[in-house]
Each structure stands twice: as structure tokens, then as C-alpha cells.
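Before any comments, here is the structure.
Here, each number is a calculation from the coordinates, and none is a lab measurement. Just so you know, these numbers come straight off a predicted model, no measurement behind them. Cβ: placed from backbone, ideal geometry, glycine included. Neighbour counts: every protein chain shown.
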Amino acid sequence: MKDILPDLCDLYPKHVQIAEPIFQDFGGRDHFHGEVVTVYCFEDNSRVKELVQTPGKGKVLVVDGGGSRRRALLGDMWAEKAAEMGWEGIVIHGAIRDVAAQAKVNLGVKALCAHPMPTEKKGLGEVGKTLNFAGITIANGDHIYCDCNGILVAKQPLALP
């Protein structure tokens, strides 16, 4: 386990946003960071499915599911695919499922909660949209840092201590 957020807050207090502490850790990695790829999708994970099948080395997928706790936007199969494609992690303002399986995947995952119901696939969602949730604004190309202390966002990459 590595505490990176407290050090980053000490070094860059005027350059970071901190998300409200509403997220839980679900993935096999306890800390992760990278360049942000955003997607907005409400109870439809079609765009998440598409994105995790693309190369993601050095990137973190940030998904705004509108805070819905009624449908899971990520399950074990897509988490495994994301890890296989090199994604560093996924942050979901919404729910996930297959919690025990995802805990074994080499991928950082933060979400609001777990819920067993899958989404309906309607092909809806918007990639690259600036997102607002948990007291932060996050855009495509921003940089995100996650550990057990929470979630930190910066407009530029920060030198890790």
C-alpha cells in the first residue's frame, strides 16, 4: 500500500482538486494514476465496453454514471479486458458488480457501491465530456491520482514523491 495523495497535497496544494470521500476501492490495485479519459453514461455501459477494449497504457477511465446505484457500469469481464489493454484504473461515479472477481484484477477501481444488476445496452453515452461530480470538475486530458486516501485531480501531471 502506498500513500501518494497526502504527499501530493503537501507539494501542490494550489494545483489540485480533491473529490468528496464518497468512493470505495474495489480493484486489485490500491493506488493508480494517469491521464484521464472521460465518459458520461447513465445506466448504459456501452461506451465503457468500447473504451476498455482500446489501448489504455498510462490512462485512467473516469465514468460519470450520474451517481446511479441501480445498474452496474463495470463487471469482471470488462475490468479484466481493461487490465489486459493496459489501463491503470477506472473511477466510476456509479455502481460496479462482480466485486470478488474485480478484487483479483490488476486494475485500480473506485466506485460508489456494488449492485448486481447489469445495464441495458442502448449505445448511449458521451466520450470526452467534461464531468462534474463529488465536488470536482474533470476533463479529458486531466491527470488523476487515486489511493486509499481518495481521489485527486490536476490539470497537469504531478511529480510523484
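Some points to look at:
- Residue list for the stretch 88-121, filter: of a type in the set (G, A, S) and either at positive phi or surrounded by 18 or more Cβ atoms within 10 Å (Cβ to Cβ) (or both): G89, G94, A95, G108, A111
- Residues located in the stretch 52-84, provided they are in contact with a His (Cβ under 7 Å, 6 or more places away or on another chain), more than 28 Å from L158 (Cα to Cα) and outside any loop (DSSP other than H, G, I, E, B): A72
- Residue in the stretch 7-18 that is without any contact (Cβ under 8 Å) to a residue 12 or more places away in the chain, part of a loop (DSSP other than H, G, I, E, B), over 18 Å from A79 (Cβ atoms) and of a type outside the set (K, R) present: yes
- Hits in the stretch 73-87 - residues which are in contact with a Gly (Cβ under 6 Å, 6 or more places away or on another chain) and surrounded by 24 or more Cβ atoms within 10 Å (Cβ to Cβ): L73, W87
Residues are listed down the side, and each one gets a yes or a no for (1) surrounded by 24 or more Cβ atoms within 10 Å (Cβ to Cβ); (2) out of contact with any strand residue (DSSP E or B) (no Cβ under 6 Å at 6 or more places or on another chain):
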position	(1), (2)
R47	no, no
P55	no, yes
L61	yes, no
G66	no, yes
R71	no, yes
